[in-house]
Amino acid sequence: MSPGRPNGHDVRRRTMLISGVAGALALGTPARAAGGEPDRPVNILFAIADDWGYPDAGAYGSRAAGTPTFDRLAAEGALFTRAFCAAPSCTPSRNAILTGQAPHRLGAGANLWSELPATFDVYPDLLGQAGYRIGRMRKGYGPGVSPEWPHDPAGPGFPSFDEFLRQQPERTPFCFWLGSSDPHRPYDPELGEQSGIDPAAVDVPPYLPDTPEVRADIVNYLAEVRRFDREVGDALRLLDERGLAGNTIVVMTGDHGWPWPRAKANTYDAGTRVPLAIRWPGRARPGTVIDRLTVLSDLAPTFLHAAGIPAPPAMTGQSLVPALSGTAAPREFVVIERERHARAREGNLAYPVRALRTDRWLYIRNFFPERWPAGDPDFDLGLQGIFGDIDAGPTKTQLLENRHEPEFARAFQLATGKRPEEELYDLASDPHSLENLADHPGRAAVKARLRKQLRNWMRHNGDPRAVDPRTGFWDNVEYYG
């Protein structure tokens, strides 16, 4: 049986759950906004960007991001300051959002360009079974294949949110997935030039060389962040015009960190920390700031909780309703995972990692330290070039072409060099994870504690790598890219 795939009992339980939720919209008060009619369940608008990372939003202090829509949602609801994806790769991150489960529990779905079997519950399906009208625009699940599903697991496709709302019955609740392809590479330099963003105002993190070419690349990325923000702003105007804003939860986030070397496809904060704002009239007090550790797999049980529907026991995420209400217990850590990202190594091998993130510490376990973390240096299929887990673009090109120059050598090594089995970073003093303390004698007790917490979490949640750390399961499943 595939890791994380439900057995026959789970499938039977899923059928019983779906058949039992038809009347669940009447459960509890979470499904009602302040001032809403008692029998009117809350709507859900989920807006997700593609490769948008923290802290690239005005609400987080970015001088150049220009995100008035995100900032408005944060001001009218809750701003999350420690939100993380479940995996720093599109497909497993989105699978975790849809299922509310840790990626390792989803079989091949822990890989990029994979398949999510229809035996897994996804929140749009559960809401649809309970009477919600569901829909999606543009990028939903994936990239990957979903032949077992009648439509994309995120919902049936519509050309726009406007078109979806034009067909919306007046008293039927809806759940809509607004999936953008911004700010995924490649970028249009003309859009960056037209944005008016001052290259001097962008923040260049210390793991990258600070050059005019890198700054221009960041400007192009931020121009697409702004375009996504405008699109979500258009959706908010539609809600206002139709009188739906007061009874609609709006969530705005990105699927993982930005597409830069040592960021996307890596378990450092640059690859895993994401913007997150939730506006929920009557539930989230305007101007709320939530520092509690959050992972995007929390969203599925949150949406079900909001609709008054019980979350399946298989969901490892935690409902955010208590956090939004100010009643949540502290969370000591979240766990981030990766298996295979792009086709970047001879034999299509993965670079499996588990990372435990606390408020202060980041502990990383690299299961195959002999492999190249960014892809093989001599393996080139043409799409992303060598070191294929790094997206192609001007920054990568400049890094590769100047790797032997003193001002580029360290950034190149940080992005591509082999890594030890264990990494440990004190984020209070080293927020970009540049100094590995795993072998520091003074941090031995911290490392041992975090290692034990990660091991226990993996065992408790059925991670196959808790039993066989070097399992080849994810190396061997099909790659559909």
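Only one of Asp50, Asp56, Asp121, Asp71 is of a type in the set (Asp, Glu), surrounded by 24 or more Cβ atoms within 10 Å (Cβ to Cβ) and either closer than 30 Å to Gln167 by Cα or out of contact with any helix residue (DSSP H, G or I) (no Cβ under 9 Å at 6 or more places or on another chain) (or both); which?
On the way: Asp50 fails: surrounded by 24 or more Cβ atoms within 10 Å (Cβ to Cβ); Asp56 fails: either closer than 30 Å to Gln167 by Cα or out of contact with any helix residue (DSSP H, G or I) (no Cβ under 9 Å at 6 or more places or on another chain) (or both); Asp71 fails: surrounded by 24 or more Cβ atoms within 10 Å (Cβ to Cβ).
Only one candidate qualifies: Asp121.
Just one of Gly257, Gly246, Gly271, Gly233 is touching a Gly at 6+ places or on another chain (Cβ under 9 Å), in contact (Cβ under 8 Å) with a residue 40 or more places away in the chain and surrounded by fewer than 19 Cβ atoms within 10 Å (Cβ to Cβ); which is it?
Gly246
Considering the range 163-210 alone, what residues qualify as being touching a residue at least 60 places away in the same chain (Cβ under 8 Å), under 26 Å from Leu414 (Cα atoms) and not in a loop (DSSP other than H, G, I, E, B)?
Ala201
Please report, ordered by residue number, the helices (runs of 4 or more DSSP H) entirely within the range 375-481 with at least 1 residues that are under 20 Å from Asn266 (Cα atoms) and acidic (Asp, Glu).
473-476
Go over the candidates Asp439, Asp426, Asp468 one by one and state the one that is without any contact (Cβ under 8 Å) to a residue 60 or more places away in the chain and either under 24 Å from Tyr207 (Cβ atoms) or touching a strand residue (DSSP E or B) at 6+ places or on another chain (Cβ under 6 Å) (or both). Steps first, answer last, please.
Working: Asp426 fails: without any contact (Cβ under 8 Å) to a residue 60 or more places away in the chain; Asp468 fails: either under 24 Å from Tyr207 (Cβ atoms) or touching a strand residue (DSSP E or B) at 6+ places or on another chain (Cβ under 6 Å) (or both).
Going through Asp439, Asp426, Asp468 in turn, just one is without any contact (Cβ under 8 Å) to a residue 60 or more places away in the chain and either under 24 Å from Tyr207 (Cβ atoms) or touching a strand residue (DSSP E or B) at 6+ places or on another chain (Cβ under 6 Å) (or both): Asp439.
Is it the case that Ser319 is among the polar types (S, T, N, Q), more than 19 Å from Tyr54 (Cβ to Cβ) and modelled with pLDDT of 95 or more?
Yes; evaluated as a whole, the condition is true for this residue.
Has the range 218-230 got any residue that is closer than 25 Å to Pro322 by Cα and buried (at least 22 other Cβ atoms within 10 Å of the Cβ)?
no
Of Arg357, Arg419, which residue is crowded, with 17+ Cβ neighbours inside 10 Å, in contact with a Pro (Cβ under 7 Å, 6 or more places away or on another chain) and in contact (Cβ under 8 Å) with a residue 12 or more places away in the chain?
Arg419
Checking the condition within 30 Å of Pro373 (Cβ to Cβ) and buried (at least 22 other Cβ atoms within 10 Å of the Cβ), which residue from Ala306, Ala350, Ala323 passes? If you could, list the steps in order and put the result at the bottom.
Values: Ala306 fails: within 30 Å of Pro373 (Cβ to Cβ); Ala323 fails: within 30 Å of Pro373 (Cβ to Cβ).
After applying the criteria, what remains is Ala350.
The values are calculated or read from the model by the stated rules, or taken from the named source; none is laboratory data. Since the structure is predicted, the reported quantities are computational estimates derived from the model, not experimental observations. Every residue, glycine as well, gets a Cβ built from its backbone with ideal geometry; the counts of neighbours run over all protein chains shown.
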